[in-house]
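The values are calculated or read from the model by the stated rules, or taken from the named source; none is laboratory data. Predicted, not measured: the structure shown is a model, and the values here were computed from it. FYI the Cβ positions are ideal-geometry reconstructions off the backbone, even for glycines, and counts take in every protein chain you see. Accessible surface areas use protein heavy atoms only, side chains included; no ligands, DNA or RNA. Shrake-Rupley method; radii C 1.70, N 1.55, O 1.52, S 1.80 Å.
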Amino acid sequence: NTVGVVGVPFSGGQPREGVDLGPMKIIEFGLLDQMKELGWNVEFDGHRDYNAMRPAQDPPVGKLKNARFVSAVTESVAQSVKGYVEKGSLALTLGGDHSIALGTVSGTMAVHPNAGLIWVDAHADINTPESTESGNIHGCPISFLLGIAGQIKEFSWVKPCLTPDRIVYIGLRDVDAGEKKILRENGIKAFSMHEVDKYGIGKVVEMAVEHVSPGLSRPVHLSFDVDALDPTVAPSTGTPVRGGLTFREGHYICEALHQTGTLVAMDLMEVNPSLEDDQAVYQTVNVGCSLVRCAMGETLL
Ligand code: DIR
Ligand code: MN
Ligand code: MN
Ligand code: MN
């Protein structure tokens, strides 16, 4: 088993500096060796320098901030992820902000056009260029992937590659009014924290998997925003929201997805080592690595 690690030190999808340092911190913490200890062959081509891709001028495109920069970086990420997935490796992308998933999911879908997407997040990240209040593209990747973002020429490389029946959310609790309307109108399945409380995480994951990969018939891409976890568990992230997943609930999701044998790609996003104190950063990086290990087969017994 081979894992291809894509480190994406990029923060242009949101305004807070430092989330670009996430991949370096996670690798420094020892994730590559930890994966080797689990029996994986690890390919890592080093941290990219995306600064060379920053355009000299990047004025807002409608409300969207840094559109050209986000587009260039995510197009490159899509190629990297596609490369790993097409040779049968697990593509593991370390962010960076969640706009990067525009690239990772595009890369997976280029190889497995029918793959399911499990999006674990406090936020729905499904704003359109019209509905976004912040203009931050990390709140928008799903709308582009679904092809409901309209034609934005700066993102002409993005092919709609996702259908509303192949995405499911777990952990939502901070969804904009415009996003709620989009979720409703498209009939998108979502397990908010309310459903996690109601059914328990075991049942939620079972239902989520069955939704995007009925009878385990489709490969699965897991996109994990660390802010899905409660801020007491993962404090060092740009947009923490209280009332999140417990340590065990987050890990259970990863363990259970590993057990399905369907995982072809995973994203770990929004770890920001420049927020909060050293202890909070350590805790967040530590839990991030631990989630990845569980998705790669680490077990309690
Ligand atoms: C908000 C926040 N819905 C936005 N989104 C965040 O900016 O569109 N996503 N924080 O991770
Ligand atoms: Mn997100
Ligand atoms: Mn989020
Ligand atoms: Mn928010």
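Details
- Only beta bridges with both residues in the chain are counted; by DSSP, about 5 percent of them are antiparallel.
- Rolling a 1.4 angstrom probe over the chain with all protein chains present gives an accessible area of which 50% lies on carbon and sulfur atoms.
- With a cut-off of 14 Å between beta carbons, the residues surrounding Val264 carry a summed charge of +2, where Lys and Arg count +1 and Asp and Glu -1.
- What the Cβ-Cβ distance of Asn286 and Tyr199 gives, at R0 = 30 Å and to the nearest 0.05, is a FRET efficiency of 0.60.
- Backbone phi angles across the stretch 254-267, fed through the Karplus curve with coefficients 6.51, -1.76 and 1.60 (θ = phi - 60°), yield HN-Hα couplings of 5, 4, 5, 5, 4, 4, 5, x, 9, 5, 10, 7, 9, 10 Hz in residue order; Gly and Pro are listed as x.
- Per-residue accessible area (protein heavy atoms, 1.4 Å probe) orders Ser156, Ser106 as Ser156, Ser106, starting from the largest.
- Remark on Leu92: its backbone amide H falls under 5 Å from those of Gly4, Val5, Val6, Met266, a criterion applied only to residues 5 or more positions apart or on other chains, H modelled at 1.01 Å from N.
- Over the stretch 222-283, accessible surface divided per residue gives 36 Å², non-protein components excluded, 1.4 Å probe.
- Probe 1.4 Å, protein heavy atoms only - accessible area per residue of the stretch 128-182 in square angstrom: 41
- Near Gly135, once Lys and Arg are set to +1 and Asp and Glu to -1 for all other residues with Cβ below 13 Å from its Cβ, the sum equals -2.
- Extension gain from Glu28 to Leu300, taking 0.36 nm per residue of separation minus the Cα-Cα distance: 95.5 nm
- Each residue of the stretch 83-93 was assigned a 3J(HN,Hα) from its phi angle through the Karplus expression (A = 6.51, B = -1.76, C = 1.60, θ = phi - 60°), giving x, 5, 5, 6, 8, x, 7, 6, 8, 10, 10 Hz with x at Gly and Pro.
- Dipole magnitude (debye, nearest 20) for the chain, charges at Cβ of Lys, Arg, Asp, Glu: 760
- Look at where the Cα atoms of the stretch 234-248 and of the stretch 151-174 average out, and the two centres are 23 Å apart.
- Violating pairs (Cα-Cα greater than 20 angstrom) within the set Lys25/Lys65; Lys65/Lys153; Lys82/Lys159: Lys25/Lys65
- Given their separation in residues at 0.36 nm each and the Cα-Cα distance between them, Ile152 and Glu185 gain 9.7 nm when the chain is fully extended.
- Annotation: peptides 11-23, 42-54, 249-261, ranked by per-residue average of other Cβ atoms within 10 Å with the highest first, follow the order 11-23, 249-261, 42-54.
- Three-way shape label, the chain, alpha-carbon gyration tensor, a/c 1.5: rounded
- Here, the stretch 243-301 has an Rg and a Dmax of 12.4, 37 Å when only alpha carbons are counted.
- Straight-line cross-link partners of Lys181 among the lysines, defined as a Cα under 18 Å from its Cα and at least 8 positions apart when in the same chain: Lys189.
- Other residues whose C-beta falls under 10 angstrom from the C-beta of Leu94 contribute a net charge of 0, scoring Lys and Arg +1 and Asp and Glu -1.
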